[in-house]
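So the structure is just underneath, and the comments pick up after that.
What follows draws every value from the coordinates through simple rules; no lab data is involved. Just so it is clear, the structure is predicted and the values come from calculations on it, not from any experiment. Here Cβ is always computed from backbone atoms with ideal geometry, including for glycine, and neighbour counts include all displayed protein chains.
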Amino acid sequence: MSESAPGRIVDAAELRRDAEETPDVCVVGSGAGGAVVAARLAARGLRVVVLEEGGYYPPEKVKMDEAWAFPALYQEHGQRATADLSITVLQGRAVGGSTLVNWTTSFRTPPRVLRHWAEVYGVSGLDEKALEPHFQAVEERLHIGPWPLEVVNANNRVLWEGAGRLSWDREVIHRNVFGCQNLGYCGTACPVGAKQSMDQTYVQDAVRDGARVYAHARAVRLEKSGKRIAAVQAQALDSSGKPTGRKVTVRSRLVVLSGGAINSPQLLLRSGYDPSGRVGRRTFLHPVVASAAIFPDKVEAFYGAPQSVASHHFADRGRGKVGFFLEAAPAQPLLIATSLGGFGALHEEQMSRLAYANGLIALSIDGFLPEEEGGTVSIRSDGRVRLDYPIRPEIWEALREGNKALARVQLAAGASVVYSFHENPVVMRTESDVALLDRAPWEPLRVGVFSAHAMGGCAMGRDPEKSVVDSRLKLHWLDNVWVVDGSVFPTGLGVNPQETIFGIAHWAADHIASAGG
Amino acid sequence: MWRRGRYRRERILLPGEHEGRRGFLKWGLAGTALLAVGGGTWLATRRTRPLPALGGPFQVLSPLEATVLLTLAERLVPPREGFPRPMDVDLPRRADAVVALAPEATQNELRQLVRLFDNALTGFLLDGQFHTFTDSTLEQQDARIAAWQTSRYALRRTGYKALKKIVYAAYYGSPKVWPAVGYPGPPPLDASERPQEPAPKRAEARHAEPKRGEGAPEGAAPQRPRPRPAAPAPRELEEIPAPRSGMDLPQGGKP
C-alpha cells in the first residue's frame, strides 16, 4: 500500500504557486471512468493523481436550484451543444463528472452490443462473461438496485401505465442510490448524499488509499516524449472556471484519460495527437426527442426520483432502422422552459401548466447502421471545442417514430393534450392526432433534440487505422496512455451509459495495473 | 418588396445566406459579418434604455444589448396574469451573469448576435421592416422573432435558439416565476436523517439485457425511499440546511 501522505481533495483554485506531481498514475477526469480507475489503482498501492476541471461539491454545498446548478455543475455552464445549437448536450463538470448530476439510471451493457463490437470492430476479450464480476462489484459498491414500483413518481407512472395499456415491454429502472428520499433533485446534485455518485464513492475510496484529487484543474496538454506521454499540463481554474494563471504539472509513468466523449478527444487533439485521423470521430449522442403531456390531475414531475421506468420495446426495429427506447424526464422550470418549442403566449400557456405536465423522452440508438459515422469533435481556431452532429435521415425517422410512441403512451395513460417540442408544436388530443407528427418538420432547429449520453470519439478496435484505442483501452500508438470513459464505445449503447463505463473502468484497471505495474 | 427578395438572393451577405459558400461567414455560435456591412444606425433610431432602468451596470452587456434582450424577453414572455414582467425578475442582470461565464469568444459572438438581431438593416433586408427591433411595434417585434424562428436558413434559426435560451433561462431561473408555473420550489431537507456511511450491501445479480415483458424485476430487494416532506411555499434559495457529517477532506492546501 501507499506509504505517502494520506490522500485528499485539493482545490486548485486556491493554489498560490504552480504545483508539480510525480505519481505513478495521472488520471484526467473524475467521472464514471476516472474515479473507478483511480480507486482501483490506488487500492493496489499505486500513487494516483486525479485532475478534474470542475469543483468539488459535497452534499452540504449543493442547492436544489437549477439557476445555480446548470452554470456550476454542467459543461460549458450548461450551454454545451452542437455548433449549430440543434442538439443540447447535458454533461457534468465537477468532481464526480456527470454522475454528480445524472438521473441515476443504471443498466448493464446489453450483450448484443458487446457482440456487435467484437464482430464489427474486432474488440476482443470484452464480453458478458469478462464483465460479469466487474458489474457485480460496482453494483455492490454503488448500491445499484431496482426502484420499487410503489414509489415510482407520477411522471414515470405515466410511462408505466401507458406502456402497459399498449402491451409494450416495460421495466422499473435500477438506480445507484442509498437512503434516497425520493426528492427529485438528482439533476442539481443530490443534497442528501444518497446518490452513489463518484464523488461520494470511488473518489472517496481513492482518497482513502492515498490519491490526490485536484479539483478546478483542467488538463490542457499532453507532452509527448517518444512513444510515451511524459507529462500532463493543467491550468488551475477559479470557481467560475476562468484560469487563475497557476499551473499543475503531472509527470507520471502511466496516464489515463477519462474526460468523457467530448473532452478526451479534445485533449488529444489539442496535444496534436491524432495519428490516424480517428480522434473525435464517431461521436454518438443517443439523440433524444421529448414529448410533453398535460394531465387532468397534478403530475408534479419536478418531484420524485426522475427516472425509474423504461421501455425498450422499440430498441430493435430491424435492419436498416434505428431503434429507440423510452424513459421519463423531470420537469423543473428552467430545464423545461429552455427545451420547449415556440415562444410567446403558447410557450407561456404550456409553462403555466407545469404542475400538470408529464415529460417523456425517446432516445435513439445511434451508431449501428453500417454507413453511420455519427458526429465529430474538433478544435476551433480560437481554441474552443466544437461538436458537430449531422442528424441522418434514419435518425430523424427514429425520432419521429419515437415521438409518436411517446404521444401514444401519454394518451393511453389519460393525457388531455400532448405537445411535441417543435417550434410550432404539434398538438394532439386523441390517438388519431398522432399522425400529425408525420407532417411536422423533422429538421435541425425546428424541433428540440437533446442528448445526455455523449459517447465515442476515441473508439476501441483492432485496426489502428480505424480506431483510437485497442481492446485493452490503450492508445494504439503510445505505450503508457489509456482512455477509460464513454469515448471508447465504437457505437451508442441502447441504454443509459454510466454503468457500462463503471464496469469497463473496473475491468480496465486490471489491465492498466498489469501493463504498467 | 421586390428589393427585399433581390437583395436576399444576390447582394447582401447575411448570416446563413451563403452558408457553406463563404468562408468568412463560418461563424461559431452566431456570426459577425453583417455588422461590418450594415452596422450603422442610419435606417432608424434605437431606443436604448438607461442603465439604471435596466438594473445595470453589467459585466458584459452594453446598455443597448441589455435593452435588446429585455425587449425580446417582453415578447417571449408576454403579459399574463400571475407572470412577473421580465424586469421584475431583473432579467438583464441575470442574462448578463450567465453570459459573463462564457469564454470571451462566445461572449463576443453573443453580443454581436444581439446587435444583429436588433439591426435595422437586417430587419429591412430580411423582413422588410425599416426599424430596429427595439423601435418596432409589438406586432413587428413578434414578426421578427418568428422570421428568425422559421427561417429557411439554419444559421438564423441558430441565432433565434441562442437568444431564446438565454432569455428563458434567465426568466424561468428566477424563484419569482415559480408561483406562476405552479412549482412550489424545493422541499425542506431533513439532513439529520441522512444515512451514515453505509456498510456496502450486496446487490443481487440481475439480468444484463434490458428485460422484456412487464413487471418489476424479481430477486433484488428494492430500496424503500424515505417519505418526502410536504413541499413548502416558494422561497428564495439562499442557504441550504445543515450539512451532513461527512468525510474530513482538507481543501485548498498546497500539495
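Starting from the Cα gyration tensor of the stretch A:181-225, multiply each eigenvalue by 5, take the square root, and state the resulting semi-axes largest first in whole Å.
Taking √(5λ) for each Cα gyration eigenvalue gives 29, 15, 7 Å.
Relative to the first principal axis of the alpha-carbon coordinates of chain A, what is the inclination of helix A:154-165, with its axis defined by its Cα atoms, in degrees from 0 to 90 and to the nearest 10?
The two axes meet at around 60 degrees.
For the stretch A:417-517, what is the relative contact order in percent, using Cα pairs closer than 8 Å and at least 6 residues apart in sequence?
Working: 122 pairs, mean separation 18.5, N = 101.
Worked out over the stretch A:417-517, it gives 18 percent.
Roughly what angle does helix A:393-412 make with the longest principal axis of chain A, taking Cα atoms, 0 to 90 degrees, to the nearest 10?
Helix A:393-412 and the main axis of chain A meet at about 50 degrees.
Quick one: if the Förster radius is 60 Å, what FRET efficiency do A:Ala230 and A:Lys321 give, using the C-beta to C-beta distance and rounding to 0.05?
After rounding, the FRET efficiency stands at 0.80.
Determine the relative contact order of chain A: mean sequence separation of Cα pairs under 8 Å and six or more apart, normalised by residue count, in whole percent.
24
Restricting to Cα atoms and excluding each atom paired with itself, what does the Kirkwood estimate give for the stretch A:464-512 in Å?
It is 11.4 Å.
A:Ser378 versus A:Ser514, label points 7 Å from Cα toward the beta carbon: distance in nm?
Those two pseudo-labels are separated by 4.1 nm.
Restricting things to Cα coordinates, could you compute the convex hull volume per residue of the stretch A:314-382 in Å³?
In the stretch A:314-382, the Cα hull volume divided by residue count equals 161 Å³.
At a temperature of 10 °C and a viscosity of 1.306 mPa s, determine how fast the stretch A:121-252 diffuses translationally according to Stokes-Einstein, using the Kirkwood radius over alpha-carbon pairs as Rh; express D in µm²/s, rounded to the nearest whole number.
82
Using the count of nearby Cβ atoms within 10 Å as a rough guide to exposure, how do A:Arg319, A:Arg175 rank from fewest to most? Write out the running numbers ahead of the final one.
On the way: A:Arg319 8, A:Arg175 27.
Lowest count first: A:Arg319, A:Arg175.
Over all pairs of distinct alpha carbons, what does the Kirkwood formula give as the hydrodynamic radius of the stretch A:171-314, in Å?
Details: mean 1/r = 0.0515 Å⁻¹.
When all Cα pairs of the stretch A:171-314 are included, the Kirkwood radius is 19.4 Å.
If you wrap a convex hull around the Cα atoms of the stretch A:334-428, how much volume per residue is inside, in Å³? Walk me through the numbers on the way to the answer.
Numbers: hull volume 13.1 nm³, N = 95.
Value for the stretch A:334-428: 138 Å³ per residue.
Of all DSSP beta bridges located in chain A, what percent are antiparallel, nearest 5?
65
How large are Rg and Dmax for chain A when calculated on the C-alpha trace, in angstrom?
21.9, 70
Using the Kirkwood radius over Cα pairs, work out the Stokes-Einstein diffusion coefficient for the stretch A:25-116 at 25 °C and 0.890 mPa s, in µm²/s as a whole number.
163
Give me the log10 of I(q) over I(0) for the stretch B:107-153 at q = 0.26 Å⁻¹, as the Debye formula computes it from C-alpha points; what are the numbers?
Calculated log10 I(q)/I(0) at the listed q: -0.96.
Could you tell me what % of all Cα pairs in the stretch A:1-156 have separations over 22 Å? Mind showing how you got there, number by number?
Details: 7334 of 12090 pairs.
Percent of Cα pairs beyond 22 Å in the stretch A:1-156: 61.
Taking R0 as 30 Å, what FRET efficiency do you get between A:Ala345 and A:Glu431 from their Cβ-Cβ distance, rounded to the nearest 0.05?
Once the sixth-power term is evaluated, E becomes 0.65.
Between A:Arg115 and A:Ser416, what is the spin-label point distance in nm, taking each point 7 Å from the Cα along the Cα→C-beta axis?
Using points 7 Å along Cα→Cβ, the separation is 4.8 nm.
Could you work out how much longer the chain between A:Ser239 and A:Glu140 gets when fully extended? Use 0.36 nm per residue separation minus the Cα distance between them, nm to one decimal.
So the extension gain works out to 32.3 nm.
If I model a spin label at B:Ala100 and A:Asp127 as a point 7 Å from the Cα along the Cα→Cβ vector, what separation in nanometres do I get?
5.8
For all pairs of alpha-carbon atoms in the stretch B:56-117, what percent lies in each bin of width 5 Å, listed from the first bin to the last filled one?
4, 19, 29, 23, 14, 7, 3, 1
Let me check against my output: what whole-number percent is the relative contact order of the stretch A:339-464, with C-alpha pairs under 8 Å and at least 6 apart?
25
If the stretch B:82-177 were replaced by its equivalent ellipsoid, with semi-axes equal to the square roots of 5 times the Cα gyration tensor eigenvalues, what would those be, largest first, whole Å?
Values: eigenvalues 110, 60, 28 Å².
Semi-axes from the Cα gyration tensor: 23, 17, 12 Å.
How compact and how long is the stretch A:368-408, expressed as Rg and Dmax of its alpha-carbon atoms in Å?
14.7, 46
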